[in-house]
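The values are calculated or read from the model by the stated rules, or taken from the named source; none is laboratory data. Quick caveat: nothing in here was measured; it's all calculated off a predicted structure. Because the Cβ atoms are built from the backbone with ideal geometry, glycine has one as well, and the counts that use them run over all protein chains shown. Heads up: the accessible areas ignore ligands, DNA and RNA and are worked out on the full protein's heavy atoms, side chains in. Shrake-Rupley method; radii C 1.70, N 1.55, O 1.52, S 1.80 Å.
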Amino acid sequence: MTETQHSILGALPADWRSATLLGRIDRGAGPSPVLIKDGIVQDMARVAPTVSALVAQGVTDATGGEAIGDLETLGLSPDADAAVRLLSPIDLQCVKAAGVTFAVSALERVIEEGARGDHERAAEVRTRLESALGGSIRSVVPGSADAAALKDALIADGLWSQYLEVAIGPDAEIFTKAPVLSTVGWGAEVGVRSDSTWNNPEPEVVLLADANGRAVGATLGNDVNLRDFEGRSALLLGKAKDNNASCSLGPFIRLFDGGFGIDDVRAAEVTLRIEGTDGYTLDGYSTMREISRDPETLLAQAMSEHQYPDGLVLFLGTLFAPTQDRDAPGRGFTHKVGDQVTIASARLGTLVNTVTTSKAAAPWSQGIGALMQNLAQRGLLAR
């Protein structure tokens, strides 16, 4: 990161002084939840020891917290040896993701499957599929009669796919992206498998929900994806999605209040920029207005026959599917070590991460047991 990008001020929402922000920091003793109101950072560990507990108690008032400084001058940093280290903004929440929620990403998944994970065959499959579909999939309402008719037509043409089933069928794809406590935050390295040759970032808006399935805030996320693994077989989804440092969130969760709510999520615009050490750049754009299922509908499907007593975060999917060639013509895009990925949305801020391999990224070392032991040693579990 450059010095400017390394400053948290460059990552904040445009109206951060009036926003209610929720996150996690480590001042040397261990992780603590923080609330930021009027620009002042309040350590809330004595009110609730975890972010999930703070959300469960419905605490959005910083009264009772310990004011530790103005966000503008506190010097938050992602560095492991920082005096005040910024962490991923969630802790005990389950990390779920909705897949294939935009027409463009649906087509790219079908292409991955048709190419069997071989990026050199992707252009041929893309041409054939787009010729058969035209622009019809963009206007189809999932689960509708029109969707069923399109399905029948594609089956007749030998082009039906399991990805189109979740794109326009009645059931959304909802999967577990990462284990509890394994996500990384703003400024951290993100990892791709060292044996992957076709992969990309997935810039997404992410909902935070309480145990009752009520959306209480939103943040940005990178659902790092391995197109070669998933393209070979959907049964490799776990290897394609869940690897060390393969899920980033941040910089903070913006809590819903009188100035920001679910309608702002529905209208969010997300930009992506990838800058490689080889001089390569790629810019992308996504708008939540083109999502095929409403965010609250996706959340309801995630909660329909499951419980999340510590709450959950839900990645809402992405419109972004990079096809711009990086090296040879027809090979499309894939990451290289050292790529800087910048995901931004005006009212959620900017999430910046640098790409490495999952083997080279800092190992995930603090699980639930270690967190509970730390909180107990600090006397934060007495309540």
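Residues of the stretch 186-207 with the amide nitrogen closer than 16 Å to a label point 7 Å from the Cα of Asp79, along Cα-to-Cβ, please.
187-189
In the stretch 289-383, if the dipole is taken from +1 on Lys/Arg beta carbons and -1 on Asp/Glu beta carbons about the Cα centre, which of Thr297, Gly349, Leu316 is farthest to the positive end?
Gly349
Roughly to the nearest percent, how much of the accessible area of the chain is carbon and sulfur, given a 1.4 Å probe?
Here it works out to 50 percent.
Rounded to the nearest 10 Å², what accessible area does Asp278 have for a 1.4 Å probe in the complete protein model?
That residue has around 80 Å² of solvent-accessible surface.
Restricting to DSSP loop positions (anything but H, G, I, E, B) with no more than 16 other Cβ atoms inside 10 Å of their own Cβ, which GluC sites (Glu not before Pro) remain in the stretch 1-74?
Of the GluC sites (Glu not before Pro), the ones in loops of the stretch 1-74 whose Cβ has at most 16 other Cβ atoms within 10 Å are Glu72.
Might you tell me the accessible area per residue for the chain, computed with a 1.4 Å probe and given in Å²?
Each residue of the chain exposes 41 Å² on average to a 1.4 Å probe.
Just by accessible area at a 1.4 angstrom probe, what is the order of Met372, Met303 from largest to smallest?
Met372, Met303
Under a Cβ-Cβ cut-off of 15 Å, what is the net charge of the residues other than Arg85 that fall near it, where Lys and Arg count +1 and Asp and Glu count -1?
The answer is -4.
Identify all lysines with a Cα-Cα distance to Lys96 below 19 Å; exclude those on the same chain that are fewer than 8 residues away in sequence.
Correct list for Lys96: Lys177, Lys239, Lys241.
Would you give the gap between the C-alpha center of the stretch 217-231 and the C-alpha center of the stretch 242-304, rounded to a whole Å?
When both Cα centres are located, 10 Å separates them.
With springs only between Cα atoms under 10 Å apart, run a GNM on the chain and tell me which of Leu299, Leu351, Leu282 wobbles the most.
Leu282
Principal axis lengths of the chain from Cα atoms, whole Å, largest first?
64, 46, 37
In nm, to one decimal, how far is the modelled label at Asn212 from the one at Gln307, with both set 7 Å along Cα→Cβ?
According to this spin-label approximation, the distance is 1.5 nm.
By how many nm would the segment from Asp257 to Asp15 grow when fully extended, if each residue of separation counts as 0.36 nm and the alpha-carbon distance is taken off?
85.8 nm
Test of understanding: express the Cα radius of gyration of the stretch 147-222 as a ratio to 2.2 N^0.38 Å, with N the residue count.
For the stretch 147-222, the normalised Cα radius of gyration comes out at 1.53.
How many nm separate the modelled label positions at Glu290 and Trp160, each set 7 Å beyond the Cα in the direction of the Cβ?
Result for the modelled spin labels: 2.7 nm.
What number, rounded to the nearest 500 deg cm²/dmol, is the helix-based mean residue ellipticity at 222 nm of the chain, given -39500 (n - 2.57) per DSSP H run of at least four residues and division by all its residues?
-6000 deg cm²/dmol
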